[in-house]
Amino acid sequence: MYLSNIKLWNFRKFGVEGDIDLDKPHLDLNLTKGLNVIIGENDSGKTAIIDAIKLVLKTHSYEYIRVDDKDFYQDANRFRIELKFEDLKPEEAKNFTEWLGWIGTGEEAKPFLKLNYDVKRQTGKITPTDVKAGVDEEGYMLSSETKEYFKATYLKPLRDAENELVAKRNSRLSQILLGDEAFKGKEKDNDLVKIFSGLKEELENYFKGVDNTGQPKATEGKQIKDKIDNYIKSFYSKNNESEFESTSTDIKSILEKLALTLKGEPNPGLGTLNRLFMAAELLHLTKSNWTGLRLGLVEELEAHLHPQAQMQVIEVFQKQTDIQLILTTHSPNLASKLKLENLIICNNGNAFPMGETYTKLGKDDYKFLEKFLDTTKANLFFAKGVILVEGWAEEILLPSIAKAIGISLTEKGVSIVNIGHTGFDHYSKIYLREAEPNMKIPVAVITDSDIREYEKSGDDFVKRDAETIKEKTEAEIKKIADQSEENVKYFAAPNWTLEYSLFKSTSLTTVFQNAAKAFHTKTDWEADFEKALATKLINKTLKKTNIAYHIANAIDEDLSKAVQTITISEDEADTVNYLVKAIKYATGN
């Protein structure tokens, strides 16, 4: 079985003012059978989802989990969590017979199980409640034995792997091992108990000063005991003496004496210990005779792991077929390595699975993104707003233009993603949903209109008819704008390319021309700058990246002066206004 759906009402970030309507959950999130990775900006609700699951299921560790006032959405006096489990095998379903529901009819019917946790508070006091199960709204109490089948394995974000793996009372390692079938229910009939029983007898004989047959034997332990006995006889009476006893030989005490480390690593670092700890924790999920839930919850998988180690771990997790994993991460490295169908994006009080039944991406788009969604592009999953561009020039120039109009893209949490081509659909459709709720992350797509203003005629380049250019450009811009949908908006250059629009701009033409001249010193710009620019664009010899750097630096330096000489016009007529509009849209200004 696996956790197929979680619904939340007024739980932390997921809520609205007013009474709860059970037909309208504030989060309705479907999960996959295998790997689920929840990503998104800080404070977007990733941890809330994990904690909701923990509140209902509890965990194999001994941590104390309870409801707190902060679990209620704002001033709400009630929150509710519902978890649905599907794909129950017969040996699993038999544990929950009286609480099961059925999907379908006849031989095709499949069992499902629904748990609910409905918590209320009155006059600031939280009313005690319990997890219930059943197909109806109220449900019925679960037995203590039944609850054990639902416990999840949980790895907290700031895990102290070194402390968890050392020998100590109630060590996490001993808890993990006690839950494995190798030791569970075998408190006496276990080879480890026999080994320690023999050791216990030897240790006690060492201090008694006898061998295994009970014959006297000189030992350092006996000398120590005799010294203590001299005092004991003085403190009590001549009939008293001390006795050294080894600790208990029950399996729990034995396992608490064990530590776990990596062979060949005398002083393993945090990253190594973290992976070792995860490997040990996953024992809970691979027990052969277990008929309960196999669910692992891991917060911030990347903790203490360098990028390459993150890649190794996530590759292993993606291959797991018999267990379900729900992870949270802030790492673009991990996001770039994952299949899109394993991702869930948290944003604006909701969570959005990225599987192909949910987005408007086609199957070919998924294949494409698996190849090309590298670490640089994966940062779009963690942004409050996204600007998609087709080249380096736009990526370099936009932050400086934004600063010039009083906007910091960094402070606004906006990512500029350079896709390196014009196949924007592959990326923009990530944010388009097949059904509501729709995503609200503003996505601005900046592209060239690509209507040439010059054409080659023999060995020369001649300007095309102005009216024809105008008509074709307007038609192309409309065609591009019509691709806008929901939260994805397209912004096209009004003049051929970015560079041509910079040249035509009343704000930046001087800076642009200076930059072009600086990097193309052998070009005759004075005779006809526009024609020279068009020639280089058609021949693809214009140093676009260098020119963009020059302009960006010029804008940045100008902003540091007491009086600015470069002013980015926000006038509709200025040909760089499409960049200004895109920036404002992506930043919510």
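The values are calculated or read from the model by the stated rules, or taken from the named source; none is laboratory data. If you're wondering where the values come from, they're calculated on a predicted model, not measured in any experiment. So basically every Cβ, Gly included, is an ideal-geometry build from the backbone, and we count neighbours across all protein chains shown.
Filter the range 554-572 down to the residues that are of a type in the set (Gly, Ala, Ser) and exposed (fewer than 12 other Cβ atoms within 10 Å of the Cβ), then identify the one that is nearest to the chain's Cα centre (by Cα). Lay out the reasoning, then the answer.
Our first condition is that a residue be of a type in the set (Gly, Ala, Ser); within the range 554-572, this holds for 554, 560, 562, 569.
Cutting the leftovers down to exposed (fewer than 12 other Cβ atoms within 10 Å of the Cβ) gives us 560, 562.
On the way: Ser560: 38, Ala562: 43 Å.
The residue in question is Ser560.
Does Thr261 meet the test of being in the same structural domain as Lys168 (by TED's automatic domain parsing) and among the hydroxyl-bearing types (Ser, Thr, Tyr)? Give the derivation first.
Working: in the same structural domain as Lys168 (by TED's automatic domain parsing): no; among the hydroxyl-bearing types (Ser, Thr, Tyr): yes.
Judged against the criteria, Thr261 is not a match.
Which residue out of Glu164, Glu145 is assigned to a helix (DSSP H, G or I), within 30 Å of the chain's Cα centre (by Cα) and among the charged types (D, E, K, R)? If you could, list the steps in order and put the result at the bottom.
Details: Glu145 fails: within 30 Å of the chain's Cα centre (by Cα).
Only one candidate qualifies: Glu164.
Here are some residues: Asp189, Asp250, Asp229. Which one is farther than 30 Å from His60 by Cα and out of contact with any helix residue (DSSP H, G or I) (no Cβ under 6 Å at 6 or more places or on another chain)? Show your work before the answer.
Numbers: Asp189 fails: farther than 30 Å from His60 by Cα; Asp250 fails: farther than 30 Å from His60 by Cα.
Asp229 is the lone residue from the list that is farther than 30 Å from His60 by Cα and out of contact with any helix residue (DSSP H, G or I) (no Cβ under 6 Å at 6 or more places or on another chain).
Considering only residues that are of a type in the set (S, T, N, Q) and within 13 Å of the chain's Cα centre (by Cα), look in the range 292-343 and name the one that is nearest to Leu3 (Cα to Cα).
Taking the range 292-343 first, the residues of a type in the set (S, T, N, Q) are 308, 310, 312, 318, 320-321, 324, 328-329, 331, 333, 336, 342.
Then keep just the ones that are within 13 Å of the chain's Cα centre (by Cα); that gives 310, 328-329, 331, 333, 336, 342.
Working: Gln310: 25, Thr328: 16, Thr329: 20, Ser331: 24, Asn333: 26, Ser336: 25, Asn342: 14 Å.
The qualifying residue nearest to Leu3 (Cα to Cα) is Asn342.
Of all residues being among the hydroxyl-bearing types (Ser, Thr, Tyr) and under 60 Å from the mean Cα position of the chain (by Cα) in the range 220-265, which is nearest to Lys200 (Cα to Cα)? Just the residue, please.
From the range 220-265, those among the hydroxyl-bearing types (Ser, Thr, Tyr) are 231, 234, 236-237, 242, 246-249, 253, 261; that's our starting set.
After this cut, where a residue has to be under 60 Å from the mean Cα position of the chain (by Cα) as well, the list is 242, 246-249, 253, 261.
Details: Ser242: 17, Ser246: 5, Thr247: 8, Ser248: 8, Thr249: 8, Ser253: 12, Thr261: 25 Å.
The residue in question is Ser246.
Of the numbered conditions (1) outside the structural domain of Leu31 (by TED's automatic domain parsing); (2) of a type outside the set (D, E, K, R); (3) in a helix (DSSP H, G or I); (4) surrounded by 14 or more Cβ atoms within 10 Å (Cβ to Cβ), Ser246 fails exactly one; give the number of that condition.
Result: Ser246 passes all but (3).
Quickly run through the range 42-53 and pick out the residues that are crowded, with 17+ Cβ neighbours inside 10 Å and either more than 27 Å from Phe382 (Cβ to Cβ) or in contact (Cβ under 8 Å) with a residue 60 or more places away in the chain (or both). First the steps, then the outcome.
So the first thing to find is which residues in the range 42-53 are crowded, with 17+ Cβ neighbours inside 10 Å, and the list is 44-53.
Within the range 42-53, Ser44, Gly45, Lys46, Thr47, Ile49, Ile50, Ile53 qualify.
Against the condition surrounded by fewer than 17 Cβ atoms within 10 Å (Cβ to Cβ), out of contact with any Asp or Glu (no Cβ under 9 Å at 6 or more places or on another chain) and more than 26 Å from Phe381 (Cβ to Cβ), how does Ser253 come out, does it pass? Outline the logic, then answer.
Details: surrounded by fewer than 17 Cβ atoms within 10 Å (Cβ to Cβ): yes; out of contact with any Asp or Glu (no Cβ under 9 Å at 6 or more places or on another chain): yes; more than 26 Å from Phe381 (Cβ to Cβ): yes.
It is true that Ser253 is surrounded by fewer than 17 Cβ atoms within 10 Å (Cβ to Cβ), out of contact with any Asp or Glu (no Cβ under 9 Å at 6 or more places or on another chain) and more than 26 Å from Phe381 (Cβ to Cβ).
Would you tally the residues in the range 346-376 being among the charged types (D, E, K, R) and buried (at least 17 other Cβ atoms within 10 Å of the Cβ)?
Within the range 346-376, the subset among the charged types (D, E, K, R) is 356, 360, 363-365, 367, 370-371, 374.
Next, only the ones that are buried (at least 17 other Cβ atoms within 10 Å of the Cβ) stay: 360, 365.
Residues flagged as among the charged types (D, E, K, R) and buried (at least 17 other Cβ atoms within 10 Å of the Cβ) within the range 346-376 amount to 2.
Of the residues Thr575, Thr545, Thr523, Thr510, only one is touching a Ser or Thr at 6+ places or on another chain (Cβ under 7 Å), surrounded by 13 or more Cβ atoms within 10 Å (Cβ to Cβ) and modelled with pLDDT of 95 or more; which? Before you say what the answer is, go through the steps one by one.
Details: Thr545 fails: touching a Ser or Thr at 6+ places or on another chain (Cβ under 7 Å); Thr523 fails: touching a Ser or Thr at 6+ places or on another chain (Cβ under 7 Å); Thr510 fails: touching a Ser or Thr at 6+ places or on another chain (Cβ under 7 Å).
Unique residue meeting the criteria: Thr575.
What's the number of the condition Lys287 fails, among (1) in contact (Cβ under 8 Å) with a residue 24 or more places away in the chain; (2) surrounded by fewer than 16 Cβ atoms within 10 Å (Cβ to Cβ); (3) under 30 Å from Ser428 (Cβ atoms)?
Only one criterion is unmet by Lys287, namely (3).
Restricting attention to the range 435-456, and to residues there that are within 30 Å of the chain's Cα centre (by Cα) and modelled with pLDDT under 95, which single residue is surrounded by the most Cβ atoms within 10 Å (Cβ to Cβ)?
Ranking the qualifying residues of the range 435-456, first place goes to Ile441.
In the range 3-22, what count of residues is obtained for those that are touching a Phe, Trp or Tyr at 6+ places or on another chain (Cβ under 7 Å), surrounded by fewer than 22 Cβ atoms within 10 Å (Cβ to Cβ) and outside any loop (DSSP other than H, G, I, E, B)?
Of the residues in that region, 1 qualify.
Answer yes or no: is there a residue in the range 226-249 that is over 30 Å from Ser331 (Cβ atoms), modelled with pLDDT of 85 or more and of a type in the set (A, V, I, L, M).
yes
Kindly provide the set of residues from the range 67-85 that are farther than 29 Å from Trp102 by Cα and buried (at least 18 other Cβ atoms within 10 Å of the Cβ), ordered by number. Walk me through how you get there before you give the answer.
Just the residues of the range 67-85 that are farther than 29 Å from Trp102 by Cα, to begin with: 67-77.
Hits for the range 67-85 are Asp71, Phe72, Tyr73, Ala76.
May I ask you to verify whether Ile65 is part of a loop (DSSP other than H, G, I, E, B) and either in contact with a Ser or Thr (Cβ under 6 Å, 6 or more places away or on another chain) or without any contact (Cβ under 8 Å) to a residue 12 or more places away in the chain (or both)? Lay out the reasoning, then the answer.
Details: part of a loop (DSSP other than H, G, I, E, B): yes; either in contact with a Ser or Thr (Cβ under 6 Å, 6 or more places away or on another chain) or without any contact (Cβ under 8 Å) to a residue 12 or more places away in the chain (or both): yes.
The answer is yes for Ile65.
Could you list, ordered by first residue, the pairs with Cβ atoms under 6 Å in which the first is in the range 496-525 and in contact (Cβ under 8 Å) with a residue 60 or more places away in the chain and the second is part of a helix (DSSP H, G or I) and aromatic (Phe, Trp, Tyr), at least 6 apart or interchain?
Filtered contacts from the range 496-525: Leu502/Phe512.
Given the conditions (1) modelled with pLDDT under 90; (2) out of contact with any strand residue (DSSP E or B) (no Cβ under 6 Å at 6 or more places or on another chain); (3) within 26 Å of Glu281 (Cβ to Cβ), which single one is not true for Leu301?
So the condition that Leu301 fails would be (2).
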